[in-house]
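Written out below as structure tokens is the structure these notes cover.
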Amino acid sequence: MGVALREWKEDQLHALIGGSSQEDLFAQIISFGREAGFEHCAYGVRAPLPISTPKIIMLNNYPQSWQQAYSEKGYLQVDPVVRHGMASISPYVWSGFDKSSDEIPFWEDANSHGIVSGWAQPVLAPNGIRGMFTVTRSADPITPEEIREQIPKLLWLSQIAHYGLSRHLIRRPNSVGLEDLTSRELEVMRWIAEGKTSSEIAMILSISERTVNFHTNCAMTKLEAPNRTAAVVRAVLLGLIT
């Protein structure tokens, strides 16, 4: 079983990461989902920036009727799966719905469009990009036995889907990464995040205040930030400093 799972993972890596386009990647993900016994796949990603109105992009192969109802009724705001994904990184599994739940109208509508049972895995990447991979089907409840059997594959698929699709869907400012900010710029950003002034940082690092300001301005330029506070916020949200 271990060898088979390892070979399956290698096949996914080659197919998903080697995909030439977003469409190719998602088509392959749908195929893997069907192999696992699920008719529908969905991937949603939320960028860490801009802070006030973060960008949200969703891909899925749900029935058109459900996509339309979801959009027209504003279900993104009340979807319990989305709410879970924003607050946790643990899997969310459902089969039908809880009859005593205040979410009954949502689930009744979802069930009527063939979204009956499903499994969702939130993903939070170090760069601050949050995503969620979901597989659903119109029949057959998800049993504990199936969860035990499928969860290694579904967890792996969710990670690969996030890596493969988020790189197509979300662009960081100027594609800034750890390799773009110098070690000194990162060090200065960390001390600013601690609330230190330029003069205090200069004393801590045994450099001039002018040099501190130089590194601060360089980091601000790379992060496309209007001031040092915004630069620090973006650096933290993008996972450049912790």
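Observations
- Positive minus negative residues near residue 207 (Lys, Arg vs Asp, Glu; Cβ under 15 Å): 0
- Rounded accessible area per residue of region 190-229, 1.4 Å, Å²: 63 Å²
- Sparsely packed loop sites in region 93-157 (the trypsin sites (Lys or Arg not before Pro) outside DSSP H, G, I, E and B with at most 14 other Cβ atoms within 10 Å) comprise 99.
- Estimated vicinal HN-Hα couplings, Hz - region 140-157 in sequence order (Karplus 6.51, -1.76, 1.60; Gly, Pro = x): 6, x, 8, 8, x, 5, 5, 4, 4, 6, 8, 4, x, 6, 5, 5, 5, 4
- List 218, 41, ordered by accessible area with a 1.4 Å probe, largest first: 218, 41
The values are calculated or read from the model by the stated rules, or taken from the named source; none is laboratory data. Just so we're clear, the structure is a prediction, and the values are computed from it rather than from any experiment. We place every Cβ from the backbone using ideal geometry, glycine too, and count neighbours over all the protein chains shown. For accessibility, only protein heavy atoms count, side chains too; no ligands or nucleic acids. Shrake-Rupley method; radii C 1.70, N 1.55, O 1.52, S 1.80 Å.
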